[in-house]
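Just below is one structure, and these are the notes that go with it.
The values are calculated or read from the model by the stated rules, or taken from the named source; none is laboratory data. For clarity, every value in this text was computed on a predicted model and none was experimentally measured. Neighbour counts are summed over all protein chains in view; Cβ atoms, including those assigned to glycine, are modelled from backbone coordinates with ideal geometry. Please note that ligands, DNA and RNA were not included when accessible areas were found on the heavy atoms of the full protein model with its side chains. Shrake-Rupley method; radii C 1.70, N 1.55, O 1.52, S 1.80 Å.
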Amino acid sequence: MELVPADPTVVHPFPDQPRVVLLKPLVKSPLIEVGEYSYYDDPDDATAFETRNVLYHYGPEKLRIGKFCAFGTGVRFIMNGANHRMDGPSTFPFPIMGGSWSEHFDLISGLPGRGDTVVGHDVWFGYGVMVMPGVRIGHGAVIASGSVVVDDVPDYGVVGGNPAKLIRTRYSEDEVARLLAVGWWDWPAEHLTEHVRTVMSGSIDELERVAPRR
């Protein structure tokens, strides 16, 4: 029997489940980059991820998402456009209201940003997670449902809470280094297809043994 990889170019990988979408073929904004097979699950309108789940995204900062990430319903990214001034008496954004107030738009456009928001490969986001601007989330991380992520998350870290705190790491420091060296998310699709069971349930030793030679 021929082993055929899943198709990363279709929006709905399960035709009878419109609530699940692959993000790479769906997203059109040049400010959002998504790797293959990363998906979002939402019973309301999963295809509106770009506008309903990525908020205040006026640029130039980007949202960068790796491969094989799983996003539960209601995951939202707050981007730098949500920022307000806090160095004066009022935080209200007067210039965006128009009229002569718009002459002071430099007070809004000159706000400092935290840079791109970056999500690594193979990250699992639980229901209702909120990610704040400029956060870096490492490969293999797990973000518990309802978390508000305000700080960077290490590779293979498990975080939860508001604000999200590191609960534990999934592997030791040495094991994380080995997993990053293997980098299964970059394997050719045919090779990955052959070894899906090892990727999902095998040991690091087994993963290293079946890794393609470079």
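Using Cα centres only, tell me the gap between segment 172-214 and segment 91-150 in whole Å. When both Cα centres are located, 33 Å separates them.
Quick check of the Kirkwood formula: for segment 107-214, what is the inverse mean of 1/r over all pairs of different Cα atoms, in Å?
Details: mean 1/r = 0.0651 Å⁻¹.
Computed over segment 107-214, the radius equals 15.4 Å.
Can you compute the charge dipole magnitude of the chain about its Cα centre, using +1 on each Lys and Arg Cβ and -1 on each Asp and Glu Cβ, nothing else charged? Give it in debye, rounded to the nearest 20. Around 300 debye, computed over the chain. The alpha-carbon of LYS28 sits under 28 angstrom from the alpha-carbons of these lysines, leaving out residues fewer than 8 places away in its chain: LYS62, LYS67.
Over segment 32-107, give the accessible area per residue in Å² for a 1.4 Å probe, as an integer. Don't jump to the answer; show the numbers that get you there.
On the way: 4130 Å² over 76 residues.
Ligands and nucleic acids excluded, the result is 54 Å² per residue.
Could you rank the peptides 15-23, 165-173, 59-67, 130-138 by their average count of other C-beta atoms within 10 Å per residue, with the highest value first?
Going by the mean number of other Cβ atoms within 10 Å, highest first, we get 130-138, 59-67, 15-23, 165-173.
Modelled spin labels at ALA82 and GLU103, positioned 7 Å past Cα toward Cβ, are 3.3 nm from each other. Remark on VAL153: its backbone amide H falls under 5 Å from those of ARG136, ILE137, GLY138, a criterion applied only to residues 5 or more positions apart or on other chains, H modelled at 1.01 Å from N. The dipole here belongs to segment 115-214: it is taken about the Cα centre, uses +1 on the Cβ of Lys and Arg and -1 on the Cβ of Asp and Glu, and is about 160 debye. Atom-type composition of the exposed protein surface of segment 26-77 places 51 percent of the accessible area on carbon and sulfur (1.4 angstrom probe).
Taking each pair of different alpha-carbon atoms in the chain once, compute 1/r for the pair, average those values, and report the inverse of that mean as the Kirkwood hydrodynamic radius in Å to one decimal. Result for the chain stands at 19.0 Å.
Compared with the dominant principal axis of the Cα atoms in the chain, helix 173-182 is inclined by about 80°. Our coupling estimate for segment 37-42, obtained by passing each phi through the Karplus curve with A = 6.51, B = -1.76, C = 1.60 and θ = phi - 60°, is 6, 5, 10, 10, 10, 7 Hz, Gly and Pro reported as x. Per residue, the convex hull spanned by the Cα atoms of segment 37-105 amounts to 131 cubic angstrom. Computed from the C-beta positions of GLU194 and SER29 and an R0 of 30 Å, the FRET efficiency is 0.30 to the nearest 0.05. If you add up the charges near ARG52, with Lys and Arg at +1 and Asp and Glu at -1, over every other residue whose beta carbon is less than 10 angstrom from its beta carbon, what do you get? Its environment carries a net charge of -3.
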